[in-house]
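Reviewing the structure listed below.
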C-alpha cells in the first residue's frame, strides 16, 4: 500500500495557511506533507514564498505523527550545505523519525535574485550538488570536519546537535544521471504528468542502476485536480500554467512577473496538460495506477486550486479509500 502525502505549495499559500492545511492533512489521514522551498514564487500576483526551514519547525510542533520534508530544497547556492546539515540535524532531533531532506539542483528563479549570481550550466550545478551531499553526510557523522572541495570548504566544523539516525536524503531527478544518484541515496523524487517513456525508459531504470538499499522510497508528486464539479477541477489548474511551459519558453526567466505573463497566455487546456483532471474517483485511481504499477510507493498529491480544504476533503472522502 503506498504512502499518501500532501504537497504544501509554498509558492501559492502563506505560511500560516499551509500550517493549518498540514494539521488538516494529518487529521484526514495523510502520511506526509512536503513543502516546496522557494525564494520567489512562480507568480507575482497572489504568489507566496515562506521560508521552508522555519515552516518545518512550526509544522513539526503543530503536528504529532505526520512525516515532514522538503520537495525540494537546493543545498548549493543561497543555502550553504553546512547550514542545511545543521538545520536538518536540529529538525531530526526535535521530530525524530519524521523529517526528510528532499533536495535538487535548483532553479534560477530562486537562486539568482537572492544572490545576484550568474546561473551556472547544469554540469557545474550537478558537481556542486554531489559535493554538497558528501559534505552534509560528513557533518552528520564526523566531528571537526575540515573539508576541501572544489566548491565548498569547512574548517574543523562540528554539528553539536545531531540525531543518532541521520535524516533521510531524497534526491529529485528529471534525467538519467541524477536518477542514478538518487538510487544511491535514501529516496527518489519526481513529478507526474510527463511523457510515460521518461519514467519507464530513463528515470526508474537509472534509479535501479544506483542499487537502492532496503527501505528506499520512490516518491512522486501527483498533479491532481479532482472535484465533483469537473469544470471547477479544470479551472483550478489555471494558476499553475507555468508547469506546461517548455524549457525553451522558460529559458533565462527569473522574474515571477514574466512567468505569470507566459502562464496566463496559455489556453486552459494546455495549462491543465500536466494534471489529472477528473470528477470521477475511479478514473483518478486508474490514472494513478500507472505510477503505482511502476513501483512508486510514496504518492504526494499536489492540488492546484485556491480552496485546498475542499480539495483535501473531497480527496479523503472519495479517492483515499480507493487507494488503501
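Bear in mind that the values in this text are calculations on the coordinates, not laboratory data. Since we're looking at a predicted model, the values are computed, not measured. Please note: Cβ atoms are built from the backbone with ideal geometry, for glycine as well, and neighbour counts cover all protein chains shown.
Taking every DSSP helix (H) stretch of at least 4 residues in the chain, weighting each as -39,500 (n - 2.57) and dividing the sum by the residue count yields a mean residue ellipticity at 222 nm of -11500 deg cm²/dmol.
Let me test this: with uniform point scatterers at the alpha carbons of region 147-277, what is the Debye-based log₁₀ I(q)/I(0) at q = 0.11, 0.13 1/Å? Each listed q corresponds, in turn, to -0.61, -0.79.
In square nanometres, what is one fourth of the surface area of the convex hull spanned by the alpha carbons of region 208-315?
Values: hull surface 35.7 nm².
Reported value for the Cα convex hull: 8.9 nm².
Descending by average beta-carbon neighbour count within 10 Å, the peptides 134-143, 103-112 line up as 103-112, 134-143, the highest first. Between region 278-324 and region 94-162, how many Å separate their Cα centres? Between the Cα centres of region 278-324 and region 94-162 lies a distance of 33 Å. In terms of surrounding Cβ atoms within a 10 Å radius of their Cβ, 44, 38 rank from fewest to most as 44, 38.
Size of the chain from its Cα atoms: along the principal axes, largest to smallest, the extents are 59, 40, 40 Å.
Angle of helix 81-94 to the longest C-alpha principal axis of the chain, folded into 0 to 90 degrees and rounded to 10: 70°.
Counting only DSSP beta bridges with both residues in the chain, the antiparallel share comes to about 10 percent.
Taking a ≥ b ≥ c as the square roots of the Cα gyration tensor eigenvalues, with a/c under 1.5 meaning rounded and otherwise prolate when a/b beats b/c, else oblate, which class fits region 105-198? It comes out oblate by the Cα gyration axes. Take the Cα coordinates of region 1-122, assign each an equal point scatterer, and use the Debye formula without solvent to give log10 I(q)/I(0) at q = 0.16, 0.18, 0.20 Å⁻¹. Here the Debye-derived log intensity ratios amount to -0.76, -0.94, -1.12. In terms of packing, defined here as the mean over residues of other Cβ atoms within 10 angstrom, the peptides 120-133, 300-313 line up highest first as 300-313, 120-133.
Express in whole angstrom the spacing between the alpha-carbon centres of region 30-93 and region 211-259. Cα centroid to Cα centroid, the span is 18 Å.
Under the criterion of Cα pairs below 8 Å and six or more residues apart, the relative contact order for the chain equals 19 percent.
Relative protection proxy for 188-199, 11-22, from highest mean packing down: 11-22, 188-199 (other beta-carbon atoms within 10 angstrom).
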